[in-house]
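Input: a single structure, listed below in structure tokens.
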Amino acid sequence: MAGKKVIITGVPGVGKTSVINESMTRLEAEGVPYQNINFGTFMFEVAQREGMVKDRDEMRKLDKNAQKRLQQLASQAIAKIEGNVIIDTHASVKTPAGFLAGLPEWVLRELKPDIIILVETDEDQILKRRLSDATRVRDIEGARAIADHQNFNRAVAAAYATITGCTIKYITNADFLIDRAVEEMMQTLR
Ligand code: AP5
């Protein structure tokens, strides 16, 4: 079964995982099942096994070539999964050396996405969510830097669409309006 491959991205703290989880639960009840694959978890399993990092937030600080190798291994493993698949990942990753493309050409060639979704919201809301999430080691940066990252993600997503022919969908996950984001995501995934 070929299935649909949907890549879902968003800057850390935008709430993409929350929107994905709720959408999947409701779609399952409608008889439209998706597997949810977290790209970072595939990378982390290798990085942890090889003693490169202790937590997932350390990965974006690794040497660029090490991150690229982990990306490649993750994309090869994920490409083998059949059926309707959501791939929860990043359009770009902010590293100490600058933005690293989350979906470079060799990753896209493996994953062959039908759609790439960008979950977004206002930068001040993202900043507030990061500050209140004690479970993660989030980068602390200002609202302007977060806005720059979201802008870069739109630019790089345009390049991904050009390479693959996939469509790009923006979904807003605003404060108190997560249901609206879930509804829009469900429509896109159906
Ligand atoms: P990943 O696991 O994707 O980490 P992340 O970016 O921190 O993503 P999260 O899933 O934790 O953030 P989220 O925004 O989805 O937040 P959540 O739903 O929890 O990636 C880990 C690492 O893997 C990366 O740093 C990178 O190193 C690596 N990686 C992954 N893909 C890669 C790739 N392609 N290439 C290279 N490296 C890669 O929500 C956050 C908070 O907001 C919660 O408290 C939630 O309750 C709240 N919230 C959500 N929605 C709302 C709302 N509408 N209103 C109010 N609050 C809300």
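Table: residues versus (1) aliphatic (A, V, I, L, M); (2) touching a Phe, Trp or Tyr at 6+ places or on another chain (Cβ under 9 Å); (3) surrounded by fewer than 19 Cβ atoms within 10 Å (Cβ to Cβ); (4) more than 27 Å from Thr188 (Cα to Cα).
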residue	(1), (2), (3), (4)
Val85	yes, yes, no, no
Ser92	no, yes, no, no
Gly98	no, no, yes, yes
Arg129	no, no, yes, no
Asp133	no, no, yes, yes
* To do: Given the conditions (1) farther than 21 Å from Tyr160 by Cβ; (2) modelled with pLDDT under 95, report the number of the one that Gly3 does not fulfil.
  => (1)
* **Test: residue in the stretch 143-158 that is more than 16 Å from the chain's Cα centre (by Cα) and outside any helix (DSSP H, G or I)** => no
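Here's the yes/no breakdown for (1) under 15 Å from the mean Cα position of the chain (by Cα); (2) surrounded by 20 or more Cβ atoms within 10 Å (Cβ to Cβ); (3) modelled with pLDDT of 95 or more:
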residue: Asp57; (1), (2), (3): yes, no, no
residue: Lys64; (1), (2), (3): no, no, no
residue: Gln71; (1), (2), (3): yes, yes, yes
residue: Thr89; (1), (2), (3): yes, yes, yes
residue: Ala101; (1), (2), (3): yes, no, yes
* To do: With the condition kept exactly as written, say whether any residue in the stretch 2-19 is part of a helix (DSSP H, G or I), more than 8 Å from the ligand (Cβ to nearest atom), surrounded by 14 or more Cβ atoms within 10 Å (Cβ to Cβ) and not hydrophobic (A, V, I, L, M, F, W, C).
  => no
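Could you pull out the residue among Gly31, Gly51, Gly83, Gly40 that is at positive phi and in contact (Cβ under 8 Å) with a residue 40 or more places away in the chain?
When all the criteria are applied, what remains is Gly83.
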* **Residues of the stretch 93-125 satisfying the condition of being within 8 Å of the ligand (Cβ to nearest atom) and closer than 20 Å to Ala143 by Cβ** => Val93, Val119, Thr121, Gln125
* To do: Would you confirm whether any residue within the stretch 35-44 is part of a helix (DSSP H, G or I) and either within 16 Å of Ile115 (Cβ to Cβ) or β-branched (Val, Ile, Thr) (or both)?
  => yes
* To do: Could you pull out the residue among Ala29, Ala66, Ala47 that is more than 11 Å from the ligand (Cβ to nearest atom), out of contact with any His (no Cβ under 6 Å at 6 or more places or on another chain) and among the hydrophobic types (A, V, I, L, M, F, W, C)?
  => Ala29
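The values are calculated or read from the model by the stated rules, or taken from the named source; none is laboratory data. Small disclaimer: the values here were computed from a predicted structure and weren't measured. Reconstructed Cβ throughout: ideal geometry from the backbone, glycine too, with neighbour counts over all protein chains shown.
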